[in-house]
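Presented below is the structure to which this report refers.
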Amino acid sequence: MIDLLNNLFNNLKKVTKNLEAILEPRQKYHLEKFPLLKSQDLSLQQEPDYQLAEQLSIERLEIPETPASTSPELIDVKELIKQLSVEELCQTAEDYFARLTDWNYHLSKPFASINETPELLLGFSQVLQGLQILPGMAVLDFGAGSCWISRYLTQLGCHVIALDVSPSALKMGQELYHRQPVIGDRPPPQFLQFNGYQINLPDESVDRIICLDAFHHVPNPDCVLSELCRILKQGGIAGFSEPGEYHSQSPQSQHEMRNFKVIENDIDVKEIWGYAQKIGFAKLELAIFNALPLQVNLEKFADFLQGGETIDNYIQATLNSMENRRVFFLHKGDAPIPDSRQRAGLAAQLDIKAYETKLKEGLSLRTDVTVTNIGNIVWLSTTAQVGAVNLGIHLLDKSGKQINYDYFRQALIPNEDRPILPKETLNFELQVPLPAKGSYILEFDLVSEGVCWFSLNGSLTTRIEIEVI
């Protein structure tokens, strides 16, 4: 019995030393940077009292007389990559999806499991925000799997290309679109198989690339990164949400690599960025966020808003959260001038002059309109499906109560299909049809179709009181 316990505790010492070697450098940094961590029970430097543990085990545990087993050696992911070909790994992925008889779990993502839903949605939202995706963009979903991300992007109005090495996974994605069709008129998705080396798309053909927890499965990251850069347009962004630098050493990663021969690579952003610069990416950005919000009482919340000690606690919690997550963005070239498909930057100066405000029913109100783009984004023409900037009028009664919010629309340049640049001013005459007899208020505003009215961004509207006799 004592020999068995000694073997168990010797194994425990080995595991503890391995953890110390991995965690001590990071812990030391955190303790130096954030002294408040010293007050928390986070230290691995104090050696466990093995003698006391042995006594407690003898007193409280009944251990069967079986030979002591040793923990398996850690799998070195770099060595595993050398042993497996790209073709073998692609086939492993296909075999996994092909043998699934019940697709419900994968088709239910990201709501298949309450334990993983918050993390999946958080990662998706962080990457989505950083990619600055706009309706009409061509977006590649790298490692699409069951295509739940692809479907969301289609619903947002993107031209989505779902890319995966497994044809069975892509069939599952097609079934997802069939079972949960997108709402409204949206571009149809494209399903594209990847051979692990080349992506069958032309150079500079996509605006954005999204990759959630797929890049760390890639055995040839330099090759794949080169392909992603090749198909990305100038000004495009590739966004990733991946595990951290020690991912391969986690128990689950070791289990997956040992039993299923899949790659669970570490994500070293410094290494990725070093290669990305050589192949044409111009800028790297990483997101700092706390995946597990720090929940506090009312007093600590007030302390946080006032810049108190709770901020340090939040920073410490964020550090812990970021240990195992890397959300980063690779930018190719300079970003183009933003346009009116996005809300930020929509601003206008509007001046309306009416020739006459008391008119007979059946006539039109004649006005002179002056519009200036005082924002920093380009206004798209009226032919754009989303983001076309038009002049609109809300119809109100004489007390200001709304009668018809979308009473009238007018293109800013009716006979030209061109954008309106920042600081550009337009002058034109407008004929507005009159409502039935009565007293009204016409409120003039600009609207970016499918985005927002300019007044919601703070631009001033112009109101004209009219009487129809």
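The values are calculated or read from the model by the stated rules, or taken from the named source; none is laboratory data. Quick caveat: nothing in here was measured; it's all calculated off a predicted structure. Cβ coordinates were reconstructed from backbone atoms using ideal geometry, including for glycine residues, and neighbour counts include every protein chain displayed.
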Go through the range 405-433 and report how many residues are free of Cβ contacts under 8 Å to residues at least 12 places away in the same chain and either in contact with a Phe, Trp or Tyr (Cβ under 6 Å, 6 or more places away or on another chain) or in a strand (DSSP E or B) (or both). 1
Of the residues that make up the range 373-387, is at least one of a type outside the set (A, V, I, L, M) and under 30 Å from residue 467 (Cα atoms)? no
Return the pairs, sorted by first residue and then second, in which the second residue is of a type in the set (A, V, I, L, M, F, W, C) and surrounded by 14 or more Cβ atoms within 10 Å (Cβ to Cβ), the first residue lies in the range 105-117 and is touching a residue at least 60 places away in the same chain (Cβ under 8 Å), the beta carbons are less than 7 Å apart, and the residues are 6+ apart or on different chains. 106/172; 107/172; 107/176
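Quick one: which residue in 292, 350, 330 is over 23 Å from residue 448 (Cα atoms) and modelled with pLDDT of 95 or more?
Details: 292 fails: modelled with pLDDT of 95 or more; 350 fails: over 23 Å from residue 448 (Cα atoms).
After applying the criteria, what remains is 330.
Can you tell me which residue among 122, 134 is out of contact with any helix residue (DSSP H, G or I) (no Cβ under 7 Å at 6 or more places or on another chain), surrounded by fewer than 23 Cβ atoms within 10 Å (Cβ to Cβ) and outside any loop (DSSP other than H, G, I, E, B)?
Numbers: 134 fails: outside any loop (DSSP other than H, G, I, E, B).
None of the other options fit; the residue is 122.
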Can you go through 94, 116, 87 and tell me which one is surrounded by 15 or more Cβ atoms within 10 Å (Cβ to Cβ), assigned by TED's automatic domain parsing to the domain that holds residue 259 and among the acidic types (Asp, Glu)? 94
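Is it the case, given these coordinates, that residue 186 is among the basic types (Lys, Arg), surrounded by fewer than 21 Cβ atoms within 10 Å (Cβ to Cβ), free of Cβ contacts under 8 Å to residues at least 60 places away in the same chain and in a loop (DSSP other than H, G, I, E, B)? Full working, then the answer.
Values: among the basic types (Lys, Arg): yes; surrounded by fewer than 21 Cβ atoms within 10 Å (Cβ to Cβ): yes; free of Cβ contacts under 8 Å to residues at least 60 places away in the same chain: yes; in a loop (DSSP other than H, G, I, E, B): yes.
Taking the combined requirement at face value, the residue satisfies it.
Tell me the residue from 285, 245 that is farther than 22 Å from residue 336 by Cα, in the same structural domain as residue 87 (by TED's automatic domain parsing) and acidic (Asp, Glu), please. First the steps, then the outcome.
Numbers: 285 fails: farther than 22 Å from residue 336 by Cα.
Answer to the check: 245.
Can you name every residue in the range 146-183 that is small (Gly, Ala, Ser) and touching a residue at least 60 places away in the same chain (Cβ under 8 Å)?
Answer for the range 146-183, where residues must be small (Gly, Ala, Ser) and touching a residue at least 60 places away in the same chain (Cβ under 8 Å): 157, 166, 168, 169.
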For the range 455-466, which positions are surrounded by 17 or more Cβ atoms within 10 Å (Cβ to Cβ) and under 26 Å from the mean Cα position of the chain (by Cα)? 457
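Conditions tested, residue by residue: (1) in contact with a strand residue (DSSP E or B) (Cβ under 9 Å, 6 or more places away or on another chain); (2) on the phi > 0 side of the Ramachandran plot; (3) modelled with pLDDT of 95 or more.
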| position | (1), (2), (3) |
| --- | --- |
| 185 | no, no, no |
| 204 | yes, yes, yes |
| 210 | yes, no, yes |
| 216 | yes, no, yes |
| 219 | no, no, yes |
| 224 | yes, no, yes |
| 227 | no, no, yes |
| 235 | yes, yes, yes |
For the range 434-469 the number of residues that are in a strand (DSSP E or B) and not hydroxyl-bearing (Ser, Thr, Tyr) is 16
When you go through (1) surrounded by fewer than 14 Cβ atoms within 10 Å (Cβ to Cβ); (2) modelled with pLDDT under 95; (3) within 28 Å of residue 137 (Cα to Cα); (4) touching a strand residue (DSSP E or B) at 6+ places or on another chain (Cβ under 9 Å) one by one for residue 450, which number turns out not to apply? (1)
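Restricting to strands (runs of 3 or more DSSP E) lying wholly in the range 259-363: which have 1 or more residues that are under 30 Å from residue 438 (Cα atoms) and touching a Ser or Thr at 6+ places or on another chain (Cβ under 7 Å)? Walk me through it before giving the result.
Numbers: elements: 283-286, 326-331, 348-354.
Those strands (runs of 3 or more DSSP E) span 348-354.
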Restricting attention to the range 390-397, does a residue exist that is polar (S, T, N, Q), under 20 Å from residue 354 (Cα atoms) and within 36 Å of the chain's Cα centre (by Cα)? yes
